[in-house]
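**Q** Here it is: the structure, laid out below.
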Amino acid sequence: MPSGKSILWHAGLLVAGASLASGLLEKPKVQGVPQYVMDYAPLCYLHHQELYFPSDLQKHLDNTTPKDDNFNKIDGAPSPLSLTNLNKLNDYGDGGKNVWLTANDDITKDPEWIKGAAPDCDGKASDAIAVAVIMVDKGDDNMDVFFQYFYSYNWGGVVLKAFNAGNHVGDWEQNMIRFEKGKPTYVWYSQHGNGQAFAYDILEKDKDGQRFINYVANGSHANYAVSGSHDHTIPELNLGKGILMDYTDGPKDGAKLWDPLQNAYFYTFSNSTGKPTFTSAEPGKYPTEYLDYLGKWGDKQYPKSDKRQQEILGGISYKFVGGPTGPIDKQLVRKDVCPDNGNPCILRHIIGP
Ligand SMILES: *[C@@H]1O[C@H](CO)[C@@H](O)[C@H](O)[C@H]1NC(C)=O
Ligand SMILES: *[C@@H]1O[C@H](CO)[C@@H](O)[C@H](O)[C@H]1NC(C)=O
(Lines give C-alpha, C1' and ligand atoms only; values in the text may rest on other atoms or scores of the structure.)
(Ligands and ions follow the chains in the order given, each with its own letter.)
Protein backbone atom coordinates (compact mmCIF):
# COMPACT_ATOMS: atom_id res chain seq x y z
CA MET A 1 0.00 0.00 0.00
CA PRO A 2 1.65 3.28 -1.01
CA SER A 3 2.06 5.49 2.04
CA GLY A 4 2.66 9.22 1.93
CA LYS A 5 6.31 8.47 2.48
CA SER A 6 6.70 6.16 -0.49
CA ILE A 7 5.14 8.81 -2.74
CA LEU A 8 7.80 11.20 -1.47
CA TRP A 9 10.49 8.65 -2.28
CA HIS A 10 9.17 8.40 -5.80
CA ALA A 11 9.29 12.18 -6.11
CA GLY A 12 12.90 12.00 -4.86
CA LEU A 13 13.65 9.43 -7.53
CA LEU A 14 12.49 11.76 -10.30
CA VAL A 15 14.66 14.54 -8.94
CA ALA A 16 17.62 12.13 -8.76
CA GLY A 17 17.01 11.09 -12.35
CA ALA A 18 16.86 14.67 -13.58
CA SER A 19 20.07 15.75 -11.91
CA LEU A 20 21.95 12.80 -13.39
CA ALA A 21 21.09 13.86 -16.92
CA SER A 22 24.33 15.82 -17.01
CA GLY A 23 27.79 15.47 -15.72
CA LEU A 24 28.83 11.86 -15.25
CA LEU A 25 32.12 10.78 -16.79
CA GLU A 26 32.36 7.77 -19.07
CA LYS A 27 32.66 4.42 -17.35
CA PRO A 28 36.21 3.13 -17.32
CA LYS A 29 37.07 0.19 -19.58
CA VAL A 30 39.04 -2.39 -17.68
CA GLN A 31 40.20 -5.66 -19.15
CA GLY A 32 38.86 -8.56 -17.09
CA VAL A 33 35.80 -6.68 -15.80
CA PRO A 34 32.53 -7.79 -17.44
CA GLN A 35 30.49 -4.91 -18.86
CA TYR A 36 27.57 -5.72 -16.51
CA VAL A 37 29.76 -4.93 -13.48
CA MET A 38 30.22 -1.38 -14.83
CA ASP A 39 26.64 -1.03 -16.09
CA TYR A 40 25.02 -1.90 -12.74
CA ALA A 41 27.57 -0.16 -10.50
CA PRO A 42 26.27 1.95 -7.59
CA LEU A 43 26.03 5.74 -7.65
CA CYS A 44 26.51 7.33 -4.25
CA TYR A 45 25.03 10.45 -2.65
CA LEU A 46 27.21 11.92 0.10
CA HIS A 47 25.30 13.95 2.69
CA HIS A 48 25.38 17.74 2.17
CA GLN A 49 27.07 18.23 5.57
CA GLU A 50 29.68 15.49 5.04
CA LEU A 51 33.16 16.56 6.08
CA TYR A 52 35.02 13.24 5.67
CA PHE A 53 35.10 12.21 2.03
CA PRO A 54 36.35 9.15 0.16
CA SER A 55 40.08 8.98 0.76
CA ASP A 56 43.10 7.93 -1.23
CA LEU A 57 44.53 4.70 0.18
CA GLN A 58 48.18 5.60 -0.39
CA LYS A 59 47.68 9.04 1.18
CA HIS A 60 46.27 7.28 4.26
CA LEU A 61 49.42 5.13 4.47
CA ASP A 62 51.59 8.26 4.03
CA ASN A 63 50.00 9.77 7.15
CA THR A 64 49.94 6.75 9.47
CA THR A 65 52.49 4.59 11.30
CA PRO A 66 52.00 0.92 12.17
CA LYS A 67 51.80 0.51 15.95
CA ASP A 68 51.30 -2.46 18.23
CA ASP A 69 48.74 -3.17 20.94
CA ASN A 70 50.68 -0.97 23.36
CA PHE A 71 50.71 2.07 21.03
CA ASN A 72 54.41 1.50 20.27
CA LYS A 73 55.89 1.90 16.82
CA ILE A 74 56.65 -1.50 15.27
CA ASP A 75 60.40 -1.87 14.76
CA GLY A 76 61.30 -3.32 11.37
CA ALA A 77 57.95 -2.46 9.76
CA PRO A 78 58.31 -1.42 6.10
CA SER A 79 58.87 2.28 5.63
CA PRO A 80 57.55 4.09 3.73
CA LEU A 81 54.33 2.07 3.70
CA SER A 82 52.84 1.39 0.29
CA LEU A 83 50.02 -0.55 -1.31
CA THR A 84 52.63 -3.12 -2.40
CA ASN A 85 54.26 -3.74 1.00
CA LEU A 86 51.41 -3.43 3.51
CA ASN A 87 51.06 -7.24 3.69
CA LYS A 88 54.54 -7.34 5.33
CA LEU A 89 52.82 -6.10 8.49
CA ASN A 90 51.28 -9.58 8.80
CA ASP A 91 54.73 -10.62 10.11
CA TYR A 92 54.02 -8.65 13.30
CA GLY A 93 51.32 -8.56 15.99
CA ASP A 94 49.81 -12.07 15.83
CA GLY A 95 49.72 -12.42 12.04
CA GLY A 96 48.94 -8.73 11.59
CA LYS A 97 45.75 -8.80 13.66
CA ASN A 98 47.21 -6.58 16.38
CA VAL A 99 48.72 -4.00 14.05
CA TRP A 100 47.13 -0.54 14.01
CA LEU A 101 47.77 2.05 11.28
CA THR A 102 47.99 5.01 13.65
CA ALA A 103 47.58 8.64 12.63
CA ASN A 104 50.80 10.67 12.73
CA ASP A 105 48.77 13.78 13.57
CA ASP A 106 46.49 14.52 16.50
CA ILE A 107 43.19 13.80 14.75
CA THR A 108 41.25 16.08 17.11
CA LYS A 109 42.96 18.92 15.16
CA ASP A 110 41.26 17.75 11.92
CA PRO A 111 44.41 17.47 9.73
CA GLU A 112 43.76 17.96 6.02
CA TRP A 113 44.38 14.32 4.98
CA ILE A 114 41.55 12.86 7.11
CA LYS A 115 39.02 14.93 5.14
CA GLY A 116 39.59 12.90 1.94
CA ALA A 117 38.55 14.17 -1.50
CA ALA A 118 35.16 15.78 -2.18
CA PRO A 119 33.70 14.75 -5.56
CA ASP A 120 33.67 17.44 -8.24
CA CYS A 121 30.70 18.18 -10.53
CA ASP A 122 31.53 15.08 -12.63
CA GLY A 123 31.11 12.88 -9.57
CA LYS A 124 34.81 12.08 -9.40
CA ALA A 125 36.63 12.40 -6.06
CA SER A 126 39.77 14.05 -7.45
CA ASP A 127 42.46 11.46 -8.23
CA ALA A 128 41.87 9.50 -5.03
CA ILE A 129 41.89 5.71 -5.19
CA ALA A 130 39.25 5.09 -2.54
CA VAL A 131 37.43 2.00 -3.83
CA ALA A 132 38.38 -1.64 -4.29
CA VAL A 133 35.93 -3.36 -6.62
CA ILE A 134 36.25 -7.06 -5.81
CA MET A 135 34.63 -9.71 -8.00
CA VAL A 136 33.98 -13.16 -6.58
CA ASP A 137 33.19 -15.37 -9.56
CA LYS A 138 30.89 -18.34 -9.01
CA GLY A 139 30.84 -19.47 -12.65
CA ASP A 140 28.28 -18.90 -15.41
CA ASP A 141 28.17 -15.12 -14.81
CA ASN A 142 26.97 -15.75 -11.28
CA MET A 143 29.09 -13.30 -9.36
CA ASP A 144 29.21 -11.33 -6.12
CA VAL A 145 30.73 -7.90 -6.72
CA PHE A 146 31.85 -5.86 -3.73
CA PHE A 147 32.28 -2.10 -3.92
CA GLN A 148 34.50 -1.52 -0.89
CA TYR A 149 34.62 2.20 -0.08
CA PHE A 150 37.45 3.73 1.95
CA TYR A 151 37.35 6.89 4.09
CA SER A 152 40.27 8.02 6.26
CA TYR A 153 37.95 9.11 9.07
CA ASN A 154 34.60 8.12 10.55
CA TRP A 155 32.68 10.75 12.51
CA GLY A 156 30.49 8.64 14.79
CA GLY A 157 27.48 10.90 15.36
CA VAL A 158 25.78 12.22 18.48
CA VAL A 159 24.39 9.95 21.19
CA LEU A 160 21.27 11.17 23.05
CA LYS A 161 21.59 14.54 21.32
CA ALA A 162 24.57 15.35 23.54
CA PHE A 163 27.69 13.24 23.13
CA ASN A 164 29.81 12.80 20.03
CA ALA A 165 30.87 9.15 20.15
CA GLY A 166 32.27 6.35 18.02
CA ASN A 167 34.80 8.33 15.98
CA HIS A 168 37.63 6.37 14.43
CA VAL A 169 40.49 6.62 11.96
CA GLY A 170 40.01 4.48 8.83
CA ASP A 171 36.59 3.35 7.60
CA TRP A 172 35.76 0.56 5.14
CA GLU A 173 32.11 0.22 4.02
CA GLN A 174 30.53 -1.69 1.19
CA ASN A 175 27.79 -2.49 -1.25
CA MET A 176 27.70 -6.01 -2.65
CA ILE A 177 25.76 -6.76 -5.84
CA ARG A 178 24.77 -10.36 -6.44
CA PHE A 179 24.60 -11.22 -10.15
CA GLU A 180 22.84 -14.29 -11.50
CA LYS A 181 23.66 -14.97 -15.14
CA GLY A 182 24.88 -11.40 -15.51
CA LYS A 183 21.71 -9.85 -14.05
CA PRO A 184 21.70 -8.08 -10.69
CA THR A 185 19.33 -9.73 -8.18
CA TYR A 186 20.11 -8.36 -4.70
CA VAL A 187 22.24 -5.59 -3.20
CA TRP A 188 23.82 -5.55 0.26
CA TYR A 189 24.21 -2.21 2.05
CA SER A 190 26.68 -2.23 4.98
CA GLN A 191 25.59 -0.31 8.09
CA HIS A 192 27.71 -0.39 11.24
CA GLY A 193 27.99 -3.98 12.54
CA ASN A 194 25.47 -5.32 10.00
CA GLY A 195 23.39 -3.92 7.11
CA GLN A 196 20.40 -4.49 4.81
CA ALA A 197 19.74 -6.51 1.62
CA PHE A 198 17.31 -5.26 -1.03
CA ALA A 199 16.03 -6.72 -4.28
CA TYR A 200 17.79 -4.81 -7.08
CA ASP A 201 14.50 -4.25 -8.97
CA ILE A 202 12.98 -2.03 -6.26
CA LEU A 203 16.02 0.22 -5.74
CA GLU A 204 16.12 3.83 -6.90
CA LYS A 205 18.06 4.11 -10.18
CA ASP A 206 19.74 6.76 -12.28
CA LYS A 207 18.08 8.00 -15.48
CA ASP A 208 19.25 4.99 -17.48
CA GLY A 209 17.48 2.76 -15.02
CA GLN A 210 20.57 0.62 -14.46
CA ARG A 211 22.79 2.07 -11.76
CA PHE A 212 21.22 1.96 -8.29
CA ILE A 213 21.48 4.74 -5.73
CA ASN A 214 23.44 4.36 -2.50
CA TYR A 215 22.79 7.06 0.12
CA VAL A 216 25.84 7.45 2.37
CA ALA A 217 25.21 8.56 5.94
CA ASN A 218 26.83 11.74 7.19
CA GLY A 219 30.07 10.93 9.00
CA SER A 220 29.50 7.21 9.63
CA HIS A 221 29.34 6.37 5.91
CA ALA A 222 26.77 3.65 6.57
CA ASN A 223 24.94 2.85 3.33
CA TYR A 224 21.17 3.16 2.80
CA ALA A 225 18.70 2.61 -0.02
CA VAL A 226 16.64 5.72 0.80
CA SER A 227 17.35 9.27 1.89
CA GLY A 228 16.16 10.50 5.27
CA SER A 229 16.93 9.62 8.87
CA HIS A 230 17.75 6.15 10.09
CA ASP A 231 17.78 4.78 13.59
CA HIS A 232 20.83 2.85 14.44
CA THR A 233 21.55 1.61 17.89
CA ILE A 234 25.06 1.01 19.08
CA PRO A 235 25.98 -2.52 17.97
CA GLU A 236 25.84 -5.05 20.81
CA LEU A 237 23.85 -2.66 22.98
CA ASN A 238 20.10 -2.73 23.16
CA LEU A 239 19.36 0.89 23.93
CA GLY A 240 16.13 1.26 22.02
CA LYS A 241 15.19 3.60 19.22
CA GLY A 242 16.37 7.13 18.59
CA ILE A 243 19.54 6.90 20.66
CA LEU A 244 21.83 7.33 17.68
CA MET A 245 20.72 8.43 14.23
CA ASP A 246 22.20 8.27 10.75
CA TYR A 247 21.25 10.95 8.22
CA THR A 248 21.26 10.58 4.45
CA ASP A 249 20.04 13.04 1.83
CA GLY A 250 19.76 13.47 -1.91
CA PRO A 251 20.48 16.00 -4.68
CA LYS A 252 17.58 18.32 -3.82
CA ASP A 253 19.11 18.77 -0.34
CA GLY A 254 22.58 19.45 -1.75
CA ALA A 255 24.03 15.95 -1.41
CA LYS A 256 27.14 15.40 -3.54
CA LEU A 257 26.98 12.79 -6.27
CA TRP A 258 29.92 10.36 -6.21
CA ASP A 259 30.62 7.84 -8.96
CA PRO A 260 32.82 5.21 -7.31
CA LEU A 261 33.85 3.77 -10.72
CA GLN A 262 35.99 6.91 -11.21
CA ASN A 263 38.07 6.26 -8.08
CA ALA A 264 38.50 2.49 -8.14
CA TYR A 265 40.92 -0.37 -8.58
CA PHE A 266 39.45 -3.65 -9.85
CA TYR A 267 40.15 -7.19 -8.61
CA THR A 268 39.02 -10.77 -8.55
CA PHE A 269 39.08 -12.76 -5.32
CA SER A 270 39.18 -16.50 -4.79
CA ASN A 271 39.64 -18.68 -1.74
CA SER A 272 38.99 -22.00 -3.46
CA THR A 273 42.35 -23.41 -2.34
CA GLY A 274 41.87 -22.11 1.22
CA LYS A 275 44.44 -19.37 0.55
CA PRO A 276 42.72 -16.00 0.03
CA THR A 277 43.97 -14.64 -3.31
CA PHE A 278 43.37 -11.19 -4.79
CA THR A 279 44.28 -10.73 -8.46
CA SER A 280 44.37 -7.51 -10.46
CA ALA A 281 41.48 -7.66 -12.95
CA GLU A 282 43.82 -6.45 -15.69
CA PRO A 283 47.03 -8.45 -15.21
CA GLY A 284 49.67 -6.44 -13.35
CA LYS A 285 47.70 -3.18 -13.36
CA TYR A 286 46.55 -2.80 -9.74
CA PRO A 287 48.54 -3.50 -6.55
CA THR A 288 47.10 -6.37 -4.49
CA GLU A 289 49.37 -6.67 -1.43
CA TYR A 290 47.48 -4.13 0.70
CA LEU A 291 44.37 -6.28 0.40
CA ASP A 292 46.21 -9.17 2.11
CA TYR A 293 46.92 -7.03 5.21
CA LEU A 294 45.03 -8.53 8.18
CA GLY A 295 45.45 -5.62 10.62
CA LYS A 296 43.51 -2.46 11.38
CA TRP A 297 43.31 0.63 9.20
CA GLY A 298 43.21 3.13 12.08
CA ASP A 299 44.32 3.94 15.60
CA LYS A 300 43.61 1.58 18.46
CA GLN A 301 40.93 2.86 20.87
CA TYR A 302 42.63 5.45 23.05
CA PRO A 303 42.83 4.55 26.75
CA LYS A 304 40.87 6.58 29.28
CA SER A 305 44.16 8.16 30.35
CA ASP A 306 44.51 9.77 26.90
CA LYS A 307 43.19 13.32 27.14
CA ARG A 308 41.45 13.02 23.73
CA GLN A 309 39.33 10.15 25.03
CA GLN A 310 35.93 10.56 26.68
CA GLU A 311 33.90 7.79 28.24
CA ILE A 312 30.20 8.17 27.39
CA LEU A 313 27.53 7.40 30.02
CA GLY A 314 29.53 4.92 32.07
CA GLY A 315 31.07 3.18 29.07
CA ILE A 316 28.12 2.61 26.71
CA SER A 317 30.45 4.12 24.19
CA TYR A 318 33.61 6.15 23.83
CA LYS A 319 34.39 9.29 21.92
CA PHE A 320 37.11 7.38 20.05
CA VAL A 321 36.93 3.70 19.21
CA GLY A 322 39.38 1.44 17.34
CA GLY A 323 39.89 1.38 13.57
CA PRO A 324 38.46 -1.40 11.36
CA THR A 325 39.94 -4.31 9.44
CA GLY A 326 40.05 -4.21 5.63
CA PRO A 327 38.09 -5.80 2.76
CA ILE A 328 39.51 -9.29 3.37
CA ASP A 329 37.57 -9.44 6.65
CA LYS A 330 34.14 -8.74 5.07
CA GLN A 331 33.21 -12.36 4.20
CA LEU A 332 33.95 -12.04 0.52
CA VAL A 333 32.89 -15.65 -0.03
CA ARG A 334 29.31 -15.84 1.17
CA LYS A 335 26.34 -18.08 0.63
CA ASP A 336 23.66 -15.53 1.47
CA VAL A 337 23.54 -11.92 0.31
CA CYS A 338 24.23 -10.93 3.93
CA PRO A 339 27.35 -11.89 5.84
CA ASP A 340 26.89 -14.88 8.13
CA ASN A 341 26.96 -13.09 11.49
CA GLY A 342 24.11 -14.64 13.44
CA ASN A 343 21.54 -12.07 12.32
CA PRO A 344 18.70 -13.28 10.06
CA CYS A 345 19.27 -12.43 6.38
CA ILE A 346 16.11 -10.56 5.34
CA LEU A 347 15.80 -10.04 1.58
CA ARG A 348 13.71 -6.89 1.36
CA HIS A 349 11.25 -6.42 -1.50
CA ILE A 350 9.85 -3.14 -0.20
CA ILE A 351 12.09 -0.10 -0.12
CA GLY A 352 12.41 1.74 3.19
CA PRO A 353 14.77 3.07 5.84
C1 LIG B 1 27.38 15.90 9.79
O2 LIG B 1 28.66 15.64 10.30
C3 LIG B 1 29.33 16.79 10.82
C4 LIG B 1 30.66 16.34 11.38
O5 LIG B 1 31.33 15.49 10.52
C6 LIG B 1 28.52 17.44 11.91
O7 LIG B 1 29.15 18.61 12.32
C8 LIG B 1 27.11 17.74 11.40
O9 LIG B 1 26.33 18.22 12.47
C10 LIG B 1 26.50 16.46 10.88
N11 LIG B 1 25.13 16.70 10.38
C12 LIG B 1 24.13 15.86 10.62
C13 LIG B 1 22.81 16.18 10.02
O14 LIG B 1 24.29 14.84 11.30
C1 LIG C 1 39.54 -18.97 3.21
O2 LIG C 1 39.26 -20.34 3.43
C3 LIG C 1 39.72 -20.82 4.69
C4 LIG C 1 39.52 -22.33 4.71
O5 LIG C 1 38.19 -22.66 4.39
C6 LIG C 1 38.97 -20.08 5.79
O7 LIG C 1 39.41 -20.52 7.05
C8 LIG C 1 39.24 -18.59 5.65
O9 LIG C 1 38.47 -17.87 6.60
C10 LIG C 1 38.87 -18.11 4.27
N11 LIG C 1 39.29 -16.72 4.13
C12 LIG C 1 38.60 -15.78 3.47
C13 LIG C 1 39.17 -14.41 3.51
O14 LIG C 1 37.58 -16.01 2.87
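The values are calculated or read from the model by the stated rules, or taken from the named source; none is laboratory data. In this text the structure is predicted, and so the values were computed from the model without any measurement. So basically every Cβ, Gly included, is an ideal-geometry build from the backbone, and we count neighbours across all protein chains shown. Side chains included, ligands, DNA and RNA excluded: accessible areas come from the protein's heavy atoms. Shrake-Rupley method; radii C 1.70, N 1.55, O 1.52, S 1.80 Å.
**Q** Can you compute the FRET efficiency between Asp208 and Asp75 using 1/(1 + (r/R0)^6), with r the Cβ-Cβ distance and R0 = 51 Å? Round to the nearest 0.05. List each step's numbers first, then the result.
**A** Numbers: r = 53 Å, r/R0 = 1.05.
In this case the efficiency is close to 0.45.
**Q** Work out the length of the dipole vector of region 115-210 about its Cα centre, built from +1 on the beta-carbon of each Lys and Arg and -1 on the beta-carbon of each Asp and Glu, and round it to the nearest 20 debye.
**A** Once rounded to the nearest 20, the dipole reads 340 debye.
**Q** Now for a separate question. Could you size up the charge dipole of the chain around its Cα centre, putting +1 on the beta carbon of Lys and Arg and -1 on that of Asp and Glu, and report it in debye to the nearest 20? All intermediate terms of the calculation are to be shown ahead of the outcome.
**A** Numbers: 34 positive and 43 negative charges, 100 e Å.
The dipole magnitude comes to about 480 debye.
**Q** Please state the shape class of region 35-154: rounded when a/c is under 1.5, otherwise prolate if a/b exceeds b/c and oblate if not, all from the C-alpha gyration tensor. List each step's numbers first, then the result.
**A** Working: a/c = 2.63, a/b = 1.31, b/c = 2.02.
Oblate shape, in that a/c is at least 1.5 and b/c is the bigger or equal ratio.
**Q** Moving to a separate point now. Quick one: which residues, 5 or more positions from Ile312 or on another chain, have an amide H under 5 Å from its amide H? H modelled 1.01 Å from N in the peptide plane, none for Pro or chain starts.
**A** Residues meeting the amide H criterion: Ser317, Tyr318, Lys319.
**Q** Tell me the carbon and sulfur percent of the accessible area for region 4-348, rounded to whole percent, probe radius 1.4 Å. Can you show the working numbers first?
**A** Values: 7390 of 14900 Å².
C and S fraction of accessible area: 50 percent.
**Q** Let me ask something else about it. Accessible area per residue of the chain at 1.4 Å probe, in Å²?
**A** Numbers: 15660 Å² over 353 residues.
For the chain, the solvent-accessible area averages 44 Å² per residue.
**Q** In whole Å, what three semi-axes, largest first, describe the equivalent ellipsoid of the chain built from its Cα gyration tensor (square root of 5 times each eigenvalue)?
**A** Details: eigenvalues 179, 132, 73 Å².
Largest first, the chain gives 30, 26, 19 Å.
**Q** Related question: Please list Met38, Met245 in order of solvent-accessible area, largest first, computed with a 1.4 Å probe with all protein chains present.
**A** These residues rank, largest area first, as Met245, Met38.
**Q** Of Lys183/Lys335; Lys115/Lys285; Lys304/Lys330; Lys275/Lys300, which pairs sit farther than 23 Å apart, going by alpha carbon to alpha carbon?
**A** Check vs 23 Å cut-off fails for Lys115/Lys285; Lys304/Lys330; Lys275/Lys300.
**Q** Would you be so kind as to identify which of Leu43, Cys345, Thr277 lies farthest towards the positive end of the dipole of the chain, taking Lys and Arg as +1 and Asp and Glu as -1 on Cβ and the Cα centre as origin?
**A** Cys345
**Q** Here is a further query. Which semi-axes, in whole Å and largest first, does the equivalent ellipsoid of region 121-182 have when worked out from the alpha carbon gyration tensor as the square roots of 5 times its eigenvalues?
**A** Working: eigenvalues 202, 54, 20 Å².
One finds semi-axes of 32, 16, 10 Å for region 121-182.
**Q** Determine how many Å³ per residue the convex hull of the Cα atoms of region 256-353 encloses. Don't skip to the end; give the middle numbers.
**A** Numbers: hull volume 22.8 nm³, N = 98.
Spelled out: Cα convex hull of region 256-353, divided by residues, is 233 Å³.
**Q** Identify all aspartates and glutamates with a Cα-Cα distance to Lys296 below 15 Å; exclude those on the same chain that are fewer than 8 residues away in sequence.
**A** Output for Lys296: Asp68, Asp69, Asp91, Asp94, Asp171, Glu173, Asp329.
**Q** Okay, moving on. Report the label-to-label distance for Ala118 and Asp336 in nanometres (one decimal), using points 7 Å from each Cα along the Cα→Cβ vector.
**A** 4.0
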